[in-house]
Protein chains: 2
Amino acid sequence: MPPPIAKAIHFGPFLVTSQVFHTTPFSFALVNLKPLLPGHVLICPHRSTPRLSQLTAAEIADLFQTVQLVSRTLTRVYGASALNISVQDGADAGQSVAHVHAHIIPRRAGDEGGGDRVYDMMEGEQGDVGRAQRELEEYRARARPRFPKLDEGSRRARSESEMRKEAEWLKGEMEKDARERRGGNV
Amino acid sequence: MPPPIAKAIHFGPFLVTSQVFHTTPFSFALVNLKPLLPGHVLICPHRSTPRLSQLTAAEIADLFQTVQLVSRTLTRVYGASALNISVQDGADAGQSVAHVHAHIIPRRAGDEGGGDRVYDMMEGEQGDVGRAQRELEEYRARARPRFPKLDEGSRRARSESEMRKEAEWLKGEMEKDARERRGGNV
């Protein structure tokens, strides 16, 4: 029997189902195509709307309770001593996908994000999550081209499978922490 | 009769009662001593604890519902088209006061925070909220010195009174929005 088909999850216009590692009634967490630092993930409401002000009180509560929950697992598995949590609320604040998303970036003393570099990266080209997702869509559209560029094709494909692997790993780690909170030892 | 004495509110070790413009059961909002851009404020839980992971689910929900509520008023009164919302969760993420605080920075197209400058400023010396508060405490400790430096004294004093004025103005604007939400026209 084939595995159950996961409900398709979109981040703005982008299909991100394979990047998602945690879902709640109102929110989902996805790994980044191009993380700025290891463990850089995004937390989004299921409802695709650009601005924080458009979320209901329940959506806001669930979104940041999910940020907290995911932060705990990221802290453990990435050995983080701190985290940057950031919402670019609107295009003029640097938002590149018009769907509310909170960045969580695990930090350690002396890492590459030191000083303000983590923000430089987030605001720069490498932190443009919209651009990265568009590139993935383009790759997918080219997935059965007549004459694929093998180099680029294989680089991208590996990136997508790595991403899926990271999402599955984090999903397992989130479940491990959830079992521990319930006091179980399954 | 003297006005009722407001409950003292602390942000980390600092007394910030006169900077506070909004309180909820779990959170408070304060104006910044040295805003990076006009309308830059901080939202904190009443309970002074350094990390987001230490807050209860109710505290997290209230904190970010307050971020949303304050954001709406800031957007209106500062004519903002976007907002940066950011938590430096731990010292290695740039946190300068060990008491959870979410920065809200109103943004407009073409403002001084463009690109990554708003983050440069936040991470730099001018964004060090701890340092700014320490300087204010030092000023207060010198408030009745034998030979005050008049220049510095008057500059600081004006800054504190401006801050109090801004807090009172924002308090009024928050109340105006609250009345509107209730549909009243008091």
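Taking into account only those residues within the range A:43-91 that are among the hydrophobic types (A, V, I, L, M, F, W, C) and surrounded by fewer than 16 Cβ atoms within 10 Å (Cβ to Cβ), which is nearest to A:A29 (Cα to Cα)?
First, the residues of the range A:43-91 that are among the hydrophobic types (A, V, I, L, M, F, W, C): A:43-44, A:52, A:55, A:57-58, A:60-61, A:63-64, A:67, A:69-70, A:74, A:77, A:80, A:82-83, A:85, A:87, A:91.
Checking which are surrounded by fewer than 16 Cβ atoms within 10 Å (Cβ to Cβ) leaves us with A:57-58, A:91.
Numbers: A:A57: 19, A:A58: 17, A:A91: 21 Å.
So, considering only residues that are among the hydrophobic types (A, V, I, L, M, F, W, C) and surrounded by fewer than 16 Cβ atoms within 10 Å (Cβ to Cβ), the one nearest to A:A29 (Cα to Cα) is A:A58.
If I go through the range B:85-106 residue by residue, how many of them are within 14 Å of the chain's Cα centre (by Cα) and either among the charged types (D, E, K, R) or more than 18 Å from B:V16 (Cα to Cα) (or both)?
Total meeting the criteria: 5.
Criterion first (touching a residue at least 12 places away in the same chain (Cβ under 8 Å), under 24 Å from A:Q133 (Cα atoms) and away from every other protein chain (no Cβ under 11 Å)) does A:R47 satisfy it? Give the derivation first.
On the way: touching a residue at least 12 places away in the same chain (Cβ under 8 Å): yes; under 24 Å from A:Q133 (Cα atoms): yes; away from every other protein chain (no Cβ under 11 Å): yes.
Considered against the rule, which asks whether it is touching a residue at least 12 places away in the same chain (Cβ under 8 Å), under 24 Å from A:Q133 (Cα atoms) and away from every other protein chain (no Cβ under 11 Å), A:R47 comes out as yes.
Which of the residues belonging to the range A:100-131 are at pLDDT 70 or above and farther than 21 Å from A:L74 by Cβ?
A:D128, A:G130, A:R131 - these are the residues of the range A:100-131 that are at pLDDT 70 or above and farther than 21 Å from A:L74 by Cβ.
State all residues of the range B:32-48 that are farther than 16 Å from B:L63 by Cα and either of a type in the set (K, R) or outside any loop (DSSP other than H, G, I, E, B) (or both); if no residue qualifies, say none. First the steps, then the outcome.
Step one: filter the range B:32-48 for residues farther than 16 Å from B:L63 by Cα, giving B:32-40.
Within the range B:32-48, just B:K34 meets the criteria.
If the requirement is being more than 20 Å from A:R51 (Cβ to Cβ) and among the hydrophobic types (A, V, I, L, M, F, W, C), which of these qualifies: B:A61, B:A91, B:A102, B:A82? Show your work before the answer.
Values: B:A61 fails: more than 20 Å from A:R51 (Cβ to Cβ); B:A102 fails: more than 20 Å from A:R51 (Cβ to Cβ); B:A82 fails: more than 20 Å from A:R51 (Cβ to Cβ).
Just a single option satisfies the conditions, and that option is B:A91.
Go through the range B:76-102 and give me each residue that's more than 7 Å from chain A (Cβ to nearest Cβ) and either of a type in the set (A, V, I, L, M) or assigned to a helix (DSSP H, G or I) (or both).
Result: B:R76, B:V77, B:A80, B:V97, B:A98, B:V100, B:A102.
I'd like the full set of residues that are of a type in the set (D, E, K, R) and facing chain B (nearest Cβ under 7 Å), limited to the range A:52-75. I'd like the intermediate steps shown before the answer.
So in the range A:52-75, the residues of a type in the set (D, E, K, R) come out as A:59, A:62, A:72.
Within the range A:52-75, just A:R72 meets the criteria.
For the list (1) surrounded by fewer than 23 Cβ atoms within 10 Å (Cβ to Cβ); (2) at positive phi; (3) in contact with a Gly (Cβ under 9 Å, 6 or more places away or on another chain), I need the number of the one condition that B:G94 fails.
Unmet for B:G94, out of (1) surrounded by fewer than 23 Cβ atoms within 10 Å (Cβ to Cβ); (2) at positive phi; (3) in contact with a Gly (Cβ under 9 Å, 6 or more places away or on another chain): (1).
Hey, A:S48 hits all of (1) closer than 18 Å to A:M163 by Cβ; (2) out of contact with any Ser or Thr (no Cβ under 8 Å at 6 or more places or on another chain) but one; which does it fall short on?
(1) is the only condition that A:S48 fails.
Quick check on A:Q54: is it at pLDDT 95 or above and closer than 20 Å to B:V87 by Cβ? Walk me through it before giving the result.
Working: at pLDDT 95 or above: yes; closer than 20 Å to B:V87 by Cβ: no.
Taking the combined requirement at face value, the residue does not satisfy it.
Residue by residue, here is whether (1) modelled with pLDDT of 65 or more; (2) outside any helix (DSSP H, G or I); (3) loosely packed, with under 12 Cβ neighbours inside 10 Å holds:
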residue: A:F147; (1), (2), (3): no, yes, yes
residue: A:S154; (1), (2), (3): no, no, yes
residue: A:A157; (1), (2), (3): no, no, no
residue: A:R164; (1), (2), (3): yes, no, no
residue: A:L170; (1), (2), (3): yes, no, no
residue: A:E173; (1), (2), (3): yes, no, no
residue: A:A178; (1), (2), (3): yes, no, no
residue: A:G184; (1), (2), (3): no, yes, yes
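The values are calculated or read from the model by the stated rules, or taken from the named source; none is laboratory data. Keep in mind that what you see is a predicted model, and the values were worked out from it rather than measured. So basically every Cβ, Gly included, is an ideal-geometry build from the backbone, and we count neighbours across all protein chains shown.
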